[in-house]
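Undergrad: Below is the structure I would like to discuss, written out as structure tokens.
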Amino acid sequence: MKIQPIQIKWEVEVEDEDERKEEESNGVINCPQCGKTWMEISNGEAYIQPDPDCLHLKFAIEPGVSSASEVGYFNGFTEEKFLAAVSEAYRQYDRESDGMTAEEIFSDALVDEEFWKKAVLNEVNILFDFTQEGICCGPVSQTAYFGAQLAL
């Protein structure tokens with residue numbers, strides 16, 4: 001599956017430099033095909049739309065997710081479909097995963113970017129990632145993933 005960095009449409013139309021910093025921390029992530037909003041960023045906090053109008057979005061994995069039950073599913077894509085697709089793809093990717101539960105496979109796959117680059121999932125043909133970086137007692141980053149079925 002192809003992993004693409006996703007772009008944010010930042011709100012930056014300001015006249016005063018002091019307002020610019022606040023405005024630049026607000027924005028949206030839209031579906032690259034239909035333009036519907038997937039995520040809003042307000043004052044530096046990101047919020048995935050709970051029920052996006054976009055028919056292309058299948059799942060969204062927010063930073064800090066540790067189980068498949070915490071993943072957001074959309075447009076008929078369910079936790080069961082997701083775990084089955086990830087398990088099947090991961091078993092082909094890592095032959096030593098036999099005997100692992102679907103949830104254990106998800107935990108391993110979640111942190112394995114090479115897997116996501118090679119994975120083929122039913123109903124999903126592209127994975128977008130959005131990484132926020134900052135400083136908090138050292139460098140910090142968070143990544144959200146969006147799985148979609150786009151006409152390519």
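We did not get these values from a lab; they are worked out from the coordinates using the rules stated. Note that the structure is predicted; figures quoted are calculated from it, not measured. With ideal geometry, Cβ positions are generated from the backbone for all residues, glycine too; neighbour counts draw on all protein chains shown.
Undergrad: Net charge around Ala144, counting only other residues with Cβ within less than 10 Å of its Cβ (Lys, Arg = +1; Asp, Glu = -1)? If you can, show how the numbers build up before the last one.
TA: Values: positive: none; negative: Glu62, Asp129.
Cβ neighbours under 10 Å give a net charge of -2.
Undergrad: May I ask you to order 107-115, 32-40 by the average number of other C-beta atoms within 10 Å around their residues, highest value first? Kindly include the intermediate steps, with their values, before the conclusion.
TA: Numbers: 107-115: 14.3, 32-40: 16.0.
The most tightly packed comes first, giving 32-40, 107-115.
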